[in-house]
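Take a look at the structure below.
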Amino acid sequence: MIDVFTRLESFGDRFRLQRGLAAGEDWIACDRLLDPRSDELGQVLDAERRASGQVSDHATALTVMAVYAGTVTASAVLAWAVEGVVVDMRPQNTAIRLSPHHGFEAVGLRDPKVTDAPVTTLVEWVLDEHLLPLAQAMRVRTRAGLRQLHGGVAHGCAAAFCIASRRGGDVDQLESAYETFLTAAGGLDRLGTVIRLEEDDREGLFYLRNTCCLYYTSAEQVKCSSCCLDSVEDRVANYRRVLADGVVPH
C-alpha cells in the first residue's frame, strides 16, 4: 500500500507535508493563530499584506483565509477523499512557515498521525477545530465579514477535490467524496458550487465561488479564476479553456 504522504505529494507541492519539525526553522504553531490577539496571527497577516500588496486589513484576512484553507489543511481533506483516512491536522498538531511570497513556505506536522475515521472526524478536526475558529479569530482581529471568511474556507476545501481531479485523480471518486464532505460539513453549500466539465479528452471539477476574497485589490490586481465578480458563463468558458490546455488554475 502506498504511503498516504507519498500519495498526497503525487498531486503537487501544495499537498506536501513536512513531518517531524526541527527546532530553529521558524515554524509557527497553528493553534496560536486561533487567538485573535496573538503575535503569530499578526505575523501571518503582515506577511501576506507585504507579499501581495493588499490595501486593507480585512482584504488581507480574506485572502489569507482562502489560501490557508486551500494549502494548509487541504492535505487532510484530500487524504480522506482518495485514501479514506484522516491526517491529524488539528491546529495543535500543525505548523506553518511564512513565505516572502503570496501563500506559505511550508506546512508541517508535529506528529504524522493518520487514522481510519469517517468524514465526521475530518469535519470535526479540520473545520470545527481549525478553520472555523481561525475565521472567527480573523473576524475579531480585522473585522472581515464572517460570510466572506467562510467563503474562503469553502473555496479552500473544494480546491483539494478540484485540483486532484485534474492531476490524475479519479473524477468519479472525487466528485462523490466532495458531496459526502459537503453534506457532513453543513452550510458550505451556500458559499459556492463544484461543477464537472469535460473538454476534448480531459475532464475535471471546478469551483464557482459565491463570495469574494478581494485578491483583485492587491498589487497584483488579478481576479481568482473562481471569482464571483465574473459571471458564471465567463467562469465556465475560462475553465473550459484551461481544461483544454491542461492547466490547473487556483
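Does at least one position in the range 1-10 carry a residue that is within 28 Å of residue 144 (Cβ to Cβ), open to solvent by 40 Å² or more (accessible area, probe 1.4 Å) and in contact (Cβ under 8 Å) with a residue 40 or more places away in the chain? Looking for residues that are within 28 Å of residue 144 (Cβ to Cβ), open to solvent by 40 Å² or more (accessible area, probe 1.4 Å) and in contact (Cβ under 8 Å) with a residue 40 or more places away in the chain, one finds none in the range 1-10, hence no. One residue stands out among those in the range 216-230 that are of a type in the set (S, T, N, Q) and crowded, with 16+ Cβ neighbours inside 10 Å: the one that is modelled with the lowest pLDDT, which is 218. Filtered by the rule that a residue be of a type in the set (A, V, I, L, M, F, W, C) and part of a loop (DSSP other than H, G, I, E, B), the range 18-53 gives 21, 22, 23, 27. Considering 33, 62, 45, 41, the condition of being within 19 Å of residue 140 (Cβ to Cβ), modelled with pLDDT of 90 or more, over 17 Å from the mean Cα position of the chain (by Cα) and crowded, with 19+ Cβ neighbours inside 10 Å is satisfied by 41 alone.
Quick grid of which residues meet (1) charged (D, E, K, R); (2) touching a strand residue (DSSP E or B) at 6+ places or on another chain (Cβ under 7 Å); (3) within 21 Å of residue 38 (Cα to Cα):
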residue	(1), (2), (3)
90	yes, no, yes
100	no, no, yes
105	yes, yes, yes
108	no, yes, yes
113	yes, no, no
116	yes, yes, no
124	yes, no, no
137	no, no, yes
143	yes, no, yes
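The selection criterion, being assigned to a helix (DSSP H, G or I), β-branched (Val, Ile, Thr), open to solvent by less than 10 Å² (accessible area, probe 1.4 Å) and in contact (Cβ under 8 Å) with a residue 24 or more places away in the chain, holds for residue 77. Taking the listed residues 138, 89, the one that is buried (at least 17 other Cβ atoms within 10 Å of the Cβ), over 18 Å from residue 14 (Cβ atoms) and touching a residue at least 12 places away in the same chain (Cβ under 8 Å) is 138, with no other qualifying. Among the conditions (1) polar (S, T, N, Q); (2) closer than 21 Å to residue 157 by Cβ; (3) under 17 Å from the mean Cα position of the chain (by Cα); (4) open to solvent by 10 Å² or more (accessible area, probe 1.4 Å), the only one that residue 94 does not satisfy is (4). List the number of the failed condition for residue 115; all other conditions in (1) closer than 28 Å to residue 211 by Cβ; (2) surrounded by fewer than 21 Cβ atoms within 10 Å (Cβ to Cβ) hold. Every condition holds for residue 115 apart from (1).
The residue that is surrounded by the most Cβ atoms within 10 Å (Cβ to Cβ), counting only those in the range 183-215 that are more than 13 Å from residue 66 (Cβ to Cβ) and small (Gly, Ala, Ser), is 204. With respect to the conditions (1) open to solvent by 70 Å² or more (accessible area, probe 1.4 Å); (2) without any contact (Cβ under 8 Å) to a residue 24 or more places away in the chain; (3) under 17 Å from residue 110 (Cα atoms), residue 22 lacks only one, and its number is (1). Every listed requirement among (1) under 17 Å from residue 156 (Cβ atoms); (2) open to solvent by 10 Å² or more (accessible area, probe 1.4 Å) is met by residue 83 save one, (1).
Among residues that are more than 18 Å from the chain's Cα centre (by Cα), closer than 21 Å to residue 92 by Cβ, at pLDDT 95 or above and among the aliphatic types (A, V, I, L, M), residue 4 is included. Screening 198, 233 for residues that are farther than 30 Å from residue 129 by Cα, modelled with pLDDT of 85 or more and assigned to a strand (DSSP E or B) leaves exactly one candidate, 198.
The values are calculated or read from the model by the stated rules, or taken from the named source; none is laboratory data. Bear in mind that the values here come from a model prediction, so they are computed numbers and not experimental data. No Cβ is skipped: glycine too gets one built from the backbone with ideal geometry, and neighbour counts run over all protein chains shown. We work out accessible area using only protein heavy atoms, side chains counted, and drop any ligands, DNA or RNA first. Shrake-Rupley method; radii C 1.70, N 1.55, O 1.52, S 1.80 Å.
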